[in-house]
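Some notes on the structure that comes next.
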Amino acid sequence: MSDVRVRFAPSPTGPLHIGGVRTALYNYLFARKMGGKMLLRIEDTDQNRFVPGAEEYIIESLKWVGIQIDEGQGVDWGDGPGPHGPYRQSERKGIYQAEAERLVAVGKAYYAFDTDEELDAMRQRLEAANAPAAQYNAITRGQMKNGLTLKPDEVNARIGAGEPFVIRLKTPRKEEVRLNDLIRGWVNVHSSAIDDKVLIKSDGLPTYHLANIVDDHLMGITHVIRGEEWLPSAPLHVLLYRYLGWETTMPQFAHLPLLLKPEGNGKLSKRDADLGGFPVFPLQWTDPFTGNVARGFREEGYLPNALVNFLSLLGWNPGTEQELFSMDELIDAFSLEKIHKAGARFDIEKAKWFNHQYIRQQPNEVLAPTIEQQATAAGLACPPDKAVKIAGLLKERVSFARELFGEAHTIFYAPTAYDEAIVATKWNDDSRRAVAAFRDALLGFEGEFVAEAIRHTLAGAMQQAGIKQGKIMQAMRLALTGFGIGPDLMLTMEIVGREEVIARLENALTSLN
RNA sequence: GGCCGAUUCGUCUAGCGGUUAGGACAUCGCCCUUUCACGGCGGUAACACGGGUUCAAUUCCCGUAUCGGUCACCA
């Protein structure tokens, strides 16, 4: 048996949806798990929906989340993107046409010349007659203008005259089509439910169905892992493999459950993102036509590992109680059998939790630049070592790196006001004495101004003043930051610096009565 | 509407005939802590419904309901 080969085959019609990212991820995990290859093919057979920049966006998105493509668009094999190229369907036009002609030749497909108006008329007629389905199929094709109803001479004449035509599949009238989906098991569909699908459009380009089958075959794809929205057309694809003579090497199918709206009905859409205030695209995207900007997970501050971890568990579970997975661990644990059948609601809260987990694991040095940038933007001086310390102090408290600066406001800004509730309950003669005593001790402070030394100084000063430290700590925090809550006070003081600490204590003494 | 698929706590899920139905997010409480957060401990919370099959059904089968997908010269 040949090695596993899977593909991710998006259409460049806009930014890659997060559901597409998950599909790509599952393909990738499976490929790596099996020691196989992951291909990227661009399905751009609809000229009308082509969006400039979309292909680049897709490639950049996959790269960002850590999905490596072995072969196909965006890959450099030295002399092209790989041995089965081109990997852009618009560049493979002739291949599809040849296969379609072959189907016509063996009587499995036929030319059709019906105009849009004629098709509409047929559908309306059927609907009026209450027919079960208004389809172009084994029953209706006899009444239409096609290679089955027209004389061969006329067909040739029409084509010769340049009249537009399509090639349709000649779907059998009564036949049970079976398909063994790796996730759902056997799926049976009667051919009467399948219409005579257009294989080659009047512009000469193939539809998804033909192009997909031809390419998957030519590219040696062994497993087709795609969204559940393709399940209804899967039997049609089986038929195509059969008629093309490729059924024995037909890939196995695995139809993935869909990502659903956080609440309400339907699948996750861009609209949900706007409503819920979260992204559904991996990267920020600016629509080239309207200029509208759609938010991206990357720009929102999500770490690629966190996104991958979150996405991997939406519709799949290793069966253990492990929650945090690196990409390598996912590859190791992954299996198609463990994929769910039912759709999964997209809950951004869980995504935030994952991000929090990964943020706190980040080295302080990695988080620091974000703080520096925001501080600089706010007109504040923030040397790298200070930013590193702040990151270490606060990273366990946030879900996103950009929240660090906001959490650090008491470090950057001396209090301009004091929390009244804390003042009312904690500010008294004792606390006033404590603050003064601490200030005095700090005035004579020598050595390195670090948390441990500060702790000692404070303890000593309180002991000398005869004040129980626990009783005045919150007042001390109030004097230093203006608030009753916040991160470790000793570390905060270390970062703020001795001079500033003394100044703040001084200020509290004069401001608070 | 036809066809196809699905249905375990609010959400993501474990479970593959016999379990006190487990974990995570969220939520609530307690502990830790000078405070908040983190962390630890604990609580509330689920097998859609009705029939079968079986000694025994969350688990198998059939209906019903609900939800989802799909019915284009879009993918």
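We did not get these values from a lab; they are worked out from the coordinates using the rules stated. This structure is a prediction, so every number in the text was calculated from the model and none was measured. As a convention, Cβ positions derive from the backbone with ideal geometry for all residues, glycine included, and neighbour counts pool all protein chains shown.
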Label-point gap, in nm, between A:ARG397 and A:SER326 - each point 7 angstrom along Cα→Cβ: 3.0 nm
Three principal axis lengths of chain A [C-alpha, angstrom, descending]: 111, 51, 40
Relative pair counts by distance (%), Cα atoms of the stretch A:344-430, 10 Å bins: 16, 37, 24, 19, 4, 0
Förster radius 45 Å - calculated FRET efficiency between A:GLU229 and A:ALA377 (Cβ-Cβ, nearest 0.05): 0.55
Distance (nanometres) between label positions extended 7 Å along Cα→Cβ at A:LEU443 and A:ALA465: 1.3 nm
Over the stretch A:160-298: Kirkwood hydrodynamic radius from C-alpha pairwise inverse distances, Å: 17.9 Å
Cβ-derived FRET efficiency at R0 25 Å, A:ARG242 paired with A:GLN143, nearest 0.05: 0.40
Cα-projected label distance for A:ASP385 with A:MET473, points at 7 Å along beta-carbon direction, nm: 2.8 nm
Projected area averaged over orientations for the stretch A:434-479, convex hull of C-alpha atoms, nm²: 3.0 nm²
Loop-resident sites, the stretch A:240-309, for GluC sites (Glu not before Pro), counting at most 15 other Cβ within 10 Å (DSSP): A:GLU263
Which of A:LEU126, A:ALA306, A:THR481, positive extreme of dipole for chain A (C-beta unit charges): A:LEU126
Computed FRET value (nearest 0.05) for A:GLU500 with A:ASP429, which takes r as the C-beta separation and R₀ as 25 Å: 0.45
GluC sites (Glu not before Pro) lying in DSSP loop within the stretch A:384-463, provided at most 13 other Cβ fall within 10 Å: A:GLU446, A:GLU448
Nearest-ten-degree value, helix A:93-105 long axis tilted from longest Cα axis of chain A: 40 degrees
Net lengthening on full extension, A:SER511/A:ASN265 (0.36 nm per residue, minus Cα-Cα): 82.9 nm
